[in-house]
1. Just give me the residues in segment 47-87 being open to solvent by 90 Å² or more (accessible area, probe 1.4 Å) and either at pLDDT below 85 or hydroxyl-bearing (Ser, Thr, Tyr) (or both), in sequence order.
2. Taking the stated definitions as given, is Ala44 at pLDDT below 90, surrounded by 12 or more Cβ atoms within 10 Å (Cβ to Cβ) and in a helix (DSSP H, G or I)?
Amino acid sequence: MMYGFGMHGGGLLAALAVVLLIAAVIAGGVVLLRRSTADRADRADRADRTDDPAEDILAERFARGAIDEQEYHRRLEILEQREHRRPGA
């Protein structure tokens, strides 16, 4: 006895489940790929930063356009001179 579950709809439902499973695996792979590339970009941004927060702030002000290139280089030179005067630097 088959109780009416033969090939009338169970096969279609199973095929749909397989398609949904494949789509979920592909979507998961895309999400993981995007996260890994975003993490790499974040690490690269942090690596570009200096150990001196004053230089970071100066670079951000220059990037925003708050100071021009001449002012940036003038202030950067002052900061670098300050670093050379520090003991142990």
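1. Asp48, Arg49, Asp51, His84, Arg85, Arg86, Pro87
2. When the stated conditions are applied, Ala44 does not pass them.
The values are calculated or read from the model by the stated rules, or taken from the named source; none is laboratory data. Here the structure is a predicted model, which is why all the values come from computation and not from measurement. When we count neighbours, we look across all protein chains shown, and the Cβ atoms used for this are built from the backbone with ideal geometry, even at glycine. When the accessible area is computed, the model is the full protein with side chains, heavy atoms only, and any ligands, DNA or RNA have been set aside. Shrake-Rupley method; radii C 1.70, N 1.55, O 1.52, S 1.80 Å.
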